[in-house]
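The values are calculated or read from the model by the stated rules, or taken from the named source; none is laboratory data. All of these numbers come straight from a predicted model, not from anything done at the bench. Every residue, glycine among them, receives a Cβ derived from its backbone with ideal geometry; neighbour counts consider all protein chains shown.
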Amino acid sequence: MVLWVFGYASLVWNPGFEYDEKIVGYIKGYRRVFNLACIDHRGTPERPARISTLEAVEGAVCWGAAYCIKGVEKERAAMEYLEGRECEYDLKIQVDFYKEEPGLTPSVTGVLVFASTPDKEGNKYYLGPAPLEEMASQIAHAVGPCGNNREYLFSLEEAMYNIGHKDDYVIELANEVRKVLARTREKKISSPVAHLLHKPQFALIHPQPLTETIIALDA
């Protein structure tokens, strides 16, 4: 028995289950978007993270990695692990997987993909689209038990680069998050406390010249 699973987000760089083969390739008719909430890994219920899911778009392709899992026991263990890890995804769909462009004939059929219903009533984790700046701010500040949201995005950016298929949308969002982080650092540097340290009342009283201090120490 053979199971194929397609990863398009964290599964690309960190599958977390035992597999027999990994193939870089793509699926058709879907694109990667950050419209799903994560409240137990990279975020919290009070400050949810934004993670990647799939959006059906005619003519789109989504690159990632397909994993081949052979054997009943390994398949059972992998599915049990994935069901817990991918709990925000309420859909399991089967797709054709292609290794080469233009991809006239699929390399593997019936590949399993975890996706989500694009409906807030159908899936409580679905956030929907938002302006780029708003998503970037949310990703920049969300933190959960498994790390912060921005590391997830930056790791995905790097993973896509490593497999030779950079995602312009991921790059654009990652760069916007970097801008948010830069502005946050600037605000900390120019905070009221930092300004107070430069005011006269915080200067040393009767500071000794450096030479006098050295003489006193030598004495």
- prompt: Can LEU112 be described as surrounded by fewer than 17 Cβ atoms within 10 Å (Cβ to Cβ), among the hydrophobic types (A, V, I, L, M, F, W, C) and touching a Phe, Trp or Tyr at 6+ places or on another chain (Cβ under 8 Å)?
  reply: no
- line: Out of (1) without any contact (Cβ under 8 Å) to a residue 60 or more places away in the chain; (2) among the polar types (S, T, N, Q); (3) surrounded by 17 or more Cβ atoms within 10 Å (Cβ to Cβ), the one ASN175 does not meet is (3)
query: If you go through the range 96-119 one residue at a time, do you hit one that is acidic (Asp, Glu) and within 18 Å of ARG42 (Cα to Cα)?
result: no
- request: Would you kindly identify the helices (runs of 4 or more DSSP H) lying entirely within the range 147-219 that contain at least 1 residues that are closer than 26 Å to ALA37 by Cβ, within 40 Å of the chain's Cα centre (by Cα) and at pLDDT 95 or above?
  value: 149-162, 168-189
- prompt: Does TYR98 meet the test of being surrounded by 14 or more Cβ atoms within 10 Å (Cβ to Cβ) and free of Cβ contacts under 8 Å to residues at least 60 places away in the same chain?
  reply: no
- line: Looking across the range 147-170 at residues that are within 16 Å of HIS41 (Cα to Cα) and of a type in the set (D, E, K, R), the single one that is surrounded by the fewest Cβ atoms within 10 Å (Cβ to Cβ) is GLU151
query: In the set ILE27, ILE39, which member is hydrophobic (A, V, I, L, M, F, W, C), crowded, with 20+ Cβ neighbours inside 10 Å and in contact (Cβ under 8 Å) with a residue 24 or more places away in the chain?
result: ILE27
message: On the basis of being free of Cβ contacts under 8 Å to residues at least 60 places away in the same chain and more than 19 Å from GLU157 (Cα to Cα), does GLU75 make the cut?
response: no
- prompt: If we scan the range 122-135, do we find a residue that is over 21 Å from the mean Cα position of the chain (by Cα) and at pLDDT below 95?
  reply: yes
- prompt: Here are some conditions: (1) surrounded by fewer than 21 Cβ atoms within 10 Å (Cβ to Cβ); (2) in contact (Cβ under 8 Å) with a residue 60 or more places away in the chain; (3) in a loop (DSSP other than H, G, I, E, B). TRP63 meets all but one. Which one does it not meet?
  reply: (3)
query: Filtering the range 75-118 down to residues that are out of contact with any Gly (no Cβ under 9 Å at 6 or more places or on another chain) and charged (D, E, K, R), which residue is nearest to VAL12 (Cα to Cα)?
result: GLU86
